[in-house]
Every structure is written in C-alpha cells, then in structure tokens.
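Here the structure is laid out as structure tokens; the discussion comes afterwards.
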Amino acid sequence: MEYKVKTLTKDGATMFAQADAQKQPVIIDKMVISDNKVDPNSDLTGLTIDDFTNNHEFDANNTTQNDTSFTVVAVMTNKGFTADYNVNLIGLLAHIGTDTANEKIIAIATGDDPFTLPQDTGTPVQLVPAFTTGFGTATSVTVTVSNEAYVLKSDLDNIFKVNLGSYTPTSELTDYISSNLPADVAKTDSENTFTKEQTFSAGAVNGAGKKALFDGDVDLSGTQPKGDYANNADLTALKNAVNSTSTGLPSKMATDDADKKYETSAHASSTYETQADANNKVDKTTDLIAGDNLILNTEHPSDNNLPQISNGHPSAHGMRTFEGNIVTLIAQNDNEELYHRFIYGSVAGTPIIPGKPYVIAMFVRSDSGLVAGIRCDYKTPTNDYKCSLPIKSFPLKSGTEWQLIWNTVTFPLDVTECFISIQGYKGNLNTMPPKGAKLQFMNPTICSGTVPKGYVPASADKVNVTDTDNWQKQAIFNPGSYTIDTTNTNIDFPTLLRTKYNKPGIFSIRDQAKDITINSVVISEGIGYWYATGVIPDGVTFCRSITPQKDSGWVRVAQQQEVQTAINQAHTDMEAEFVKRGNRTFWSGTQAQYDAIKTKDPHTEYEITG
C-alpha cells in the first residue's frame, strides 16, 4: 500500500493564507476517499471535491502539526460496501473557523499501490491512515478536527497524564485507604474509645443540633438548676393566686409592666384601643382584593334595597327590574342614557378615599348587543362634573353569556363629588341605545387595589372549543396514525419535505423510498432547512440534515460497543503503524532539488512543491 504523491491543493494554500490572516484555525472535517484513478502527472493541486467520484467520507479523528507540516488520522471502514473498493484517491475536506458553508479539499494523496476496502460480508474491515502533508511555507495556523470526531484511547491517556498527573482509579481507593490509615483512627460508623483528653473548641452538639452540657454548665449538687428559678412550691402558690376570686388576675392587664402591677378594667379600656379603632386605622391600599366590597345590597337588590356605596345616593336612568341578584336596565326611549349609579353626590361620608386606587368589577350581559362601559365622573372646587376619567368599554355578545368587566380609577385629592356607574351604549360610547334595549348586571364590586375581585375560570359548558381561528395549530400526526406522511418510489424524502413541509413545525414522516424503512421526527425551520432523527424496526438510530446546499443522507448513529471497538482497533493499528515507521522526517522542495539528492533516506517523507 503506497501513496507517494501527496500535495496541498490550490484551495488548501488559499485557505491557510486566509486562516493566517484572519487568525482562525483550519478545521479538518472529513477524510474523503474515491476510486477515481487520476493521472499522477497532471496538476493535482487543482483537484476539488468534484474529482472525488463515487466517494465516501470519514470523520477526521486527530491532528498533529509542526511549523511546516501537519498529520491527520481517520478511521475508515467497509461498512455497507457492496463491492471491493480501491482507495485510489484520498483528500482532506476542511473549513476555516465557523465558516462551515465553505468546505474545500485542501490536500490530496494518490495511490501507486492503493489499499482495497473489501466488500462488506459481515466481517468489519478498518483502515486507519495517517495523512501527512506540508504547508508549503512556515505558518502559525492551528490545524484541528471537527468536534464530531472520535477520541482515541491514547488521547485520553495523555489528557489524564497532563491534567491529573499520577492519578488513582476509584477501584483502588478503598484498598489504598485501608492500607494507609493508622489503626487507631476514629470512625463515624463504629464505637470509638478515646484514651486521651479531647477538647471541643467550638462546643459540641447532638444529632438535632442541641448543645451538649459540660461540668460547670449545670449545678450538679442537687436537683435545683442554677439561677433564680421557681421550684415546685413556688409554682403551686402562683397557680393558687391566679385562680383566687379575690386576688386573681383582672380581665385586662398592662403588658409593659405586668411584672410590677395589675391595672383595673377601666384603666385598660382607656389605655388600649378597641378592635373597631384598629379596623379604622387599617390602610386600605394594602388590603387584599378579597377584602370588603364597598357596594351594599348585591345579593337581593330591589327598589328599596339598591346596590350602592354607603351614603352614596344611587340613581338610575331607564326602567329597572330585579330578579334574584340580577339587576335589569331597559331603555324607555330612543337615544336616551341607560345606566345605574352606585354613588352620586358628595364623597364625604362615603368609604371613597381620594387619591387611592379602586377597581370596579361586575358580570354583565345583553341580548341587545350593547357595549357596556364603567364610567366615573367627578367634581372639584374648580370644575362642575366636567372631569371624566377614561371610560373602559366592553362589546357584549348578544345572548345569555355573562362577561366579567372591570375598570380601575383613582379620584384626585381635591374631589368633592363623584359618580360611578355601569352604562349601556349602542355600538360606541357616543351613541345611546334604542328603545327596548336591555342591559343586565350582577355581583358588582368596588374594592381598593387594581385587580378585579371574584374572577374565576368559566365552567366547561361555557368554554367555546369550536372557535379556533386564533389557536396555534400544527398537526404532527394524522388522526389514528403515528405519521403525517410517507415517502414512496415516486417521491423521496428531501423532495417530500421541500414540496409539502417547507414551513415551521415538527412532523412525523416515514421514509420507505429506499431499501430500509425509517420512522422519523422532522424539525422544519420553514426556510429550506430540515433536521431529522429516525429509527428502523431493529432499533438502530439514524439522523439527517437537509439544507439548500446539501443533503447529508441518512447517517447511522454509532452504538456504544461499535465506537469502543473502533477506538480500540484504531489504537492498536496506530501503535503498529508508528512502530513500523520508526522516526520520520519531512522534506519539501522543488523537483530539481529532489533530483539532486543522490541517496534518498527511507525514513524521510519527500514532498515536491514545484
């Protein structure tokens, strides 16, 4: 097996120059082989990937380099070969830095006596070539491999030696510890006897974290603890005094000096505020929404028991009827206001506090298709009901379905009068409803804060599951199937994706156009890029990527045992190859310089550059 002609291609020379200028590494992606037998006397530096007909690609596993040359190692296998394959041409496919879209053949080798990978008959055959070639001129470019390459056992050994030094495997630690610990070392899972005095400088605790007591912490001369503690007789006397009808404790007593004296009931009443006083001092802005509703009479409203704020002087326009907790407003004439006011008049004497936020909420409906609005107007010393806070409006669907509406308002500090109302409009806030239009509301609330009270999810019978216009819908499977589509002899996998599934999403597609059937899940970016992972019936996994420039085809994912076997074999083969080669040197020069060398050194690799 000989590959005497090895050279850097024109694309390779250009790539190294660009990488040197950009301070970027050259990444070796693949070692490519072809059975194309090229003329060794032709301009081999001009070869490109197009010259590698009937090619196969293998991951580049490792690189080494010096100032003028680099070596690339790969593991080749005959897996899937249907006939003997002559490796007549070898090339290195690489790119600069992260520019994976511009891969080029940077170096080639032609075989005078090429290696033949035999047909795959069930017995794996592997070839581990080490491809060495020169840069042409000295360079500082770093040559490395893609992060998808294999890691050799020798690489792992070197990593351990460099980073861990003389390390001990886990399996040896137990024996090492047992053989090196002193015989009298204390163990946490055994009883220990200390023959010397022990000092606990930070104290000692039990398993619950409680401090241990030592001599001097407790008076051991008797059962009485140190300090001024009550004994049993003292406790009995105290209990009798507390229970005494003549000397017992009063119902109210001071807390600041309770150890000195008792107070009378009258004194306590004048000193401590009542619960009502405490309630009045609560800052309503910190109350929870689930606190008190300022609107009264919401459960059984009537003409004599209107929903209103305390001292709010409610009013209405339009006919008003009551049924249970539902209030109905009916317009009596065309183009007249239709509303119910929960407060109308002076703010003084009502629970409304100027400058604080309130949220007004209630359930409303209309069989007339009205627009419901929560309106809040107010009066100040300089304005007579000309200051209207923004009206929040809600278009209502005609029918019996209740809708929750709300608005958040804050009256200014100088407000003197206000009104808060639920009002019906026709189409917009500038048009009053026609005669007979109906607006209903129930469970109105006004609470301090900014979140509506009583908002709960609708029951299942109120949820519309047929109106799906705004839903994000994407079918992964067809009904009753685990796939959405399949290939056949008339349409292959990439054609199917490009014609029917060039849209963002995830799809389950069965590829049965070839000799194997792969059930796959495909991720589509929607811009001509697809990424698929699939499995065949025996459980072997494949992956595939399709872009506007390239289709990787189905790539088999190596199983753990296969990878380990390949690594082990590669390690063995490389060791044998290195032993066979011995010490090697590299020479590069012109044809004339090469011809001038009288005796060729068998341990020197020669490269003719011109």
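Could you say whether any residue in region 65-72 is loosely packed, with under 14 Cβ neighbours inside 10 Å and among the β-branched types (Val, Ile, Thr)? Break it down stepwise before answering.
The first filter runs over region 65-72 and keeps only residues loosely packed, with under 14 Cβ neighbours inside 10 Å, leaving 66-67.
Those left that are additionally among the β-branched types (Val, Ile, Thr): none.
Scanning region 65-72 turns up no residue that is loosely packed, with under 14 Cβ neighbours inside 10 Å and among the β-branched types (Val, Ile, Thr).
Here are Phe586, Phe542: which of them is outside the structural domain of Val75 (by the TED database), farther than 19 Å from Thr486 by Cα, surrounded by 13 or more Cβ atoms within 10 Å (Cβ to Cβ) and in contact with a strand residue (DSSP E or B) (Cβ under 9 Å, 6 or more places away or on another chain)?
On the way: Phe542 fails: farther than 19 Å from Thr486 by Cα.
Of the residues listed, the single one that is outside the structural domain of Val75 (by the TED database), farther than 19 Å from Thr486 by Cα, surrounded by 13 or more Cβ atoms within 10 Å (Cβ to Cβ) and in contact with a strand residue (DSSP E or B) (Cβ under 9 Å, 6 or more places away or on another chain) is Phe586.
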Hey, does region 95-103 have a residue that's β-branched (Val, Ile, Thr), in the same structural domain as Thr14 (by the TED database) and loosely packed, with under 15 Cβ neighbours inside 10 Å? yes
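Determine whether Thr599 is within 30 Å of Glu2 (Cβ to Cβ) and either in contact (Cβ under 8 Å) with a residue 12 or more places away in the chain or out of contact with any Pro (no Cβ under 6 Å at 6 or more places or on another chain) (or both). Before the answer, list the steps.
Details: within 30 Å of Glu2 (Cβ to Cβ): yes; either in contact (Cβ under 8 Å) with a residue 12 or more places away in the chain or out of contact with any Pro (no Cβ under 6 Å at 6 or more places or on another chain) (or both): yes.
In short, yes.
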Filter the strands (runs of 3 or more DSSP E) completely within region 506-610 down to those with at least 1 residues that are among the basic types (Lys, Arg). 541-546
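Confirm whether Glu525 is outside the structural domain of Glu57 (by the TED database), among the charged types (D, E, K, R), modelled with pLDDT under 90 and open to solvent by 40 Å² or more (accessible area, probe 1.4 Å).
Numbers: outside the structural domain of Glu57 (by the TED database): yes; among the charged types (D, E, K, R): yes; modelled with pLDDT under 90: no; open to solvent by 40 Å² or more (accessible area, probe 1.4 Å): yes.
No; evaluated as a whole, the condition is false for this residue.
Using the structure shown, decide if Lys30 is within 24 Å of Leu117 (Cα to Cα) and at pLDDT 90 or above. Step through it out loud before you land on a result.
On the way: within 24 Å of Leu117 (Cα to Cα): yes; at pLDDT 90 or above: yes.
Criteria met by Lys30.
Of the residues Tyr167, Tyr272, Tyr262, which single one is touching a Leu at 6+ places or on another chain (Cβ under 8 Å) and modelled with pLDDT under 70?
Details: Tyr167 fails: touching a Leu at 6+ places or on another chain (Cβ under 8 Å); Tyr272 fails: touching a Leu at 6+ places or on another chain (Cβ under 8 Å).
Residue meeting the stated conditions: Tyr262.
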When every residue in region 203-248 that is in a loop (DSSP other than H, G, I, E, B), hydrophobic (A, V, I, L, M, F, W, C) and open to solvent by 70 Å² or more (accessible area, probe 1.4 Å) is compared, the one modelled with the lowest pLDDT is Leu220
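Answer with yes or no whether Ile567 is open to solvent by less than 60 Å² (accessible area, probe 1.4 Å), touching a residue at least 24 places away in the same chain (Cβ under 8 Å) and on the phi < 0 side of the Ramachandran plot.
Criteria met by Ile567.
Report the residue count in region 354-367 for those that are farther than 21 Å from Asn297 by Cβ, touching a residue at least 60 places away in the same chain (Cβ under 8 Å) and either surrounded by fewer than 17 Cβ atoms within 10 Å (Cβ to Cβ) or charged (D, E, K, R) (or both). If you could, list the steps in order and put the result at the bottom.
Within region 354-367, the subset farther than 21 Å from Asn297 by Cβ is 354-357, 366-367.
Next, only the ones that are touching a residue at least 60 places away in the same chain (Cβ under 8 Å) stay: 354, 356-357, 366-367.
Now narrow it down to the ones that are either surrounded by fewer than 17 Cβ atoms within 10 Å (Cβ to Cβ) or charged (D, E, K, R) (or both): 354, 356-357, 367.
Residues that pass the stated criteria total 4.
Only residues that are hydroxyl-bearing (Ser, Thr, Tyr) and either crowded, with 22+ Cβ neighbours inside 10 Å or assigned to a strand (DSSP E or B) (or both): list them for region 10-34, please. Step through it out loud before you land on a result.
Within region 10-34, the subset hydroxyl-bearing (Ser, Thr, Tyr) is 14, 34.
Listed by number, the list holds a single entry, Ser34.
Could you tell me how many of the residues in region 6-21 are within 19 Å of Val38 (Cα to Cα), in contact with a Lys or Arg (Cβ under 9 Å, 6 or more places away or on another chain) and not hydroxyl-bearing (Ser, Thr, Tyr)?
Residues of region 6-21 within 19 Å of Val38 (Cα to Cα): 6-12.
Going one step further and asking which of them are in contact with a Lys or Arg (Cβ under 9 Å, 6 or more places away or on another chain), we end up with 9, 11-12.
With the extra rule that they be not hydroxyl-bearing (Ser, Thr, Tyr), the set shrinks to 11-12.
Going through region 6-21 one residue at a time, the tally reaches 2.
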Inspect region 312-324 for any residue being part of a strand (DSSP E or B), assigned by the TED database to the domain that holds Ile420 and within 50 Å of the chain's Cα centre (by Cα) and give the result as yes or no. no
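So which of Ile330, Ile295 is at pLDDT 90 or above, aliphatic (A, V, I, L, M) and surrounded by 15 or more Cβ atoms within 10 Å (Cβ to Cβ)? Steps first, answer last, please.
Details: Ile295 fails: at pLDDT 90 or above.
Only one candidate qualifies: Ile330.
Taking region 430-454 on its own, how many of its residues are modelled with pLDDT under 65 and either in contact with a Phe, Trp or Tyr (Cβ under 8 Å, 6 or more places away or on another chain) or in the same structural domain as Gly399 (by the TED database) (or both)?
Applying the first criterion (modelled with pLDDT under 65) to region 430-454 yields 452-454.
Checking the rest, the ones that are also either in contact with a Phe, Trp or Tyr (Cβ under 8 Å, 6 or more places away or on another chain) or in the same structural domain as Gly399 (by the TED database) (or both) come to 452.
Total meeting the criteria: 1.
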Given (1) farther than 24 Å from Glu562 by Cα; (2) touching a residue at least 60 places away in the same chain (Cβ under 8 Å); (3) crowded, with 17+ Cβ neighbours inside 10 Å, identify the lone condition not met by Asn88. (2)
Before we move on, is Glu607 exposed (fewer than 14 other Cβ atoms within 10 Å of the Cβ), closer than 27 Å to Thr64 by Cβ and in contact (Cβ under 8 Å) with a residue 40 or more places away in the chain? no
Hey, Ala372 open to solvent by less than 10 Å² (accessible area, probe 1.4 Å), assigned to a strand (DSSP E or B) and among the small types (Gly, Ala, Ser) or not: yes
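The values are calculated or read from the model by the stated rules, or taken from the named source; none is laboratory data. Owing to the predicted nature of the structure, the values given are computational and were not obtained by experimental measurement. Neighbour counts run over all protein chains shown; Cβ positions are idealised from the backbone, glycine included. Areas reflect the complete protein model, heavy atoms only, side chains present, ligands, DNA and RNA absent. Shrake-Rupley method; radii C 1.70, N 1.55, O 1.52, S 1.80 Å.
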